[in-house]
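The values are calculated or read from the model by the stated rules, or taken from the named source; none is laboratory data. Treat the numbers as computed from the prediction; the structure is a model and nothing was measured. For neighbour counting, all protein chains shown are included, and Cβ atoms are generated from backbone atoms with ideal geometry for every residue, glycine included. Just the protein is used for accessible areas: all its heavy atoms, side chains included, with ligands, DNA and RNA removed. Shrake-Rupley method; radii C 1.70, N 1.55, O 1.52, S 1.80 Å.
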Amino acid sequence: MNATNMTPPARTGKPFRVRRAPVLLGLLLLILGLLAAAHLVLERHCTVLARRRVLPWLQARYQADVKLKNISVNILTGVLVLEGAAIGNPPDFAGAAMAEMPHFRLRLALHDLWRKDTITVRSLRVKDARLNIIRNSQGRWNLAGAAESGSGATPDSSGPDGQAAAPERREASRRLPMPDKPPRLAIDKARLHTRVQYTDHNPIFQPAPLQLELDLDIALDRLANYGQAGKLTGRLQVNGAICAAGRRTPLELRGRMAPLADPRQLTFELTGSTKPFDLQDAPPLAGWLGVAQGLAACMITLEVQNNVLNPEKSMLQFNFSETRLSPATRQRLHGIALPRVFTLRIPLSGTLESPRADFEAAIAGLLTSDDVIGSFLQGLYQAGGLPGAQPADDPAATP
């Protein structure tokens, strides 16, 4: 027999590859199924954890009603989305919720999901939020009340209900198996669009409280609750408008801030300005400034160290035009005429909870300014009928 006829045929490998393809496809489908199942289980677990443990703990610790409609998680990208989040006011503040966030989206660093001490937020985005800031007649802020509760301080409750509720909430906070100290948190980038309703019941704005509505786009970068104290590592930029009487006045703020280790001990620098606005759109503010009518553009400079304003570098400046002073202000100025355009610089001191505006220093600086001295001399020329005197056009002094 010929030996060449017994040589087996060469193998091409195709049957092996054909048999291997269904196995690989099955493994791929199994992996995808496991990922989908893990995603659903994690999402369900996060929702149940938030509603059964996190929300009750937040309510007990911050003494506020915290609500949440839905949570969705993407474990592949580290994206967490909260829908329908709302934070109620502290017990001694009435009205609408302190904060409402219909859509809250943040992307976490995936390696931090397995760590308990540090959370890094790569990006945070909040759309169409509403924030209600209230200052009551005793000078307390609703935001400060929540900050005091969150830091473990005993709140200064002004009513018997608040005094009775505080120990119960603190006891509930201790019973819940959650940490007393929040984890180390760092936010690389945050973008927020919010509508702010500000109401100030300070007696200086009587008979009606000061109410302002702000439409703001806020950008925060490199914000954290840990790090070197006093070092201004964070960045803040705000662009928006003050909405009043159907008109929008552009507003811009820029600043730097230190790590927010304790919300009661803020350290930051802030500068900002507005375009001219009609003071008749904000009667309580006009009454506080002693102006009957006119236009004003505002500039603000703040330097705060541990919640204390630096009086040498903190100032509120108003650039007035077409102004008519109130009778009380004219009497305070002893009939001194003011020019058509003048600037009032009000030094600020005290703390963020109880800021003080030094009007005596503001009036003294105004009366010794070059513009007012020039207007006063012009009035003397007019009264004396001196040759070459020009008539003083001074609507600021017009009754």
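What to note about this one:
- Which of R195, R248 is most accessible, then next, and so on - probe 1.4 Å: R248, R195
- Note on surface exposure: M315, M101, M299 rank M299, M315, M101 by accessible area, highest first, 1.4 Å probe.
- Between the listed residues P250, N310, F342, the Cα displaced farthest toward the positive end of the dipole of the range 214-350, a dipole computed from Cβ unit charges relative to the Cα centre, is found at F342.
- Within the range 179-273: Cβ-based charge dipole about Cα centre, in debye rounded to nearest 20 (Lys, Arg +1; Asp, Glu -1): 280 debye
- Mean Cβ neighbour count within 10 Å, used as a protection proxy, ranking 22-28, 336-342 highest first: 336-342, 22-28
- Part-to-part distance (alpha-carbon centres) for the range 256-278 and the range 229-246, which is given in Å: 7 Å
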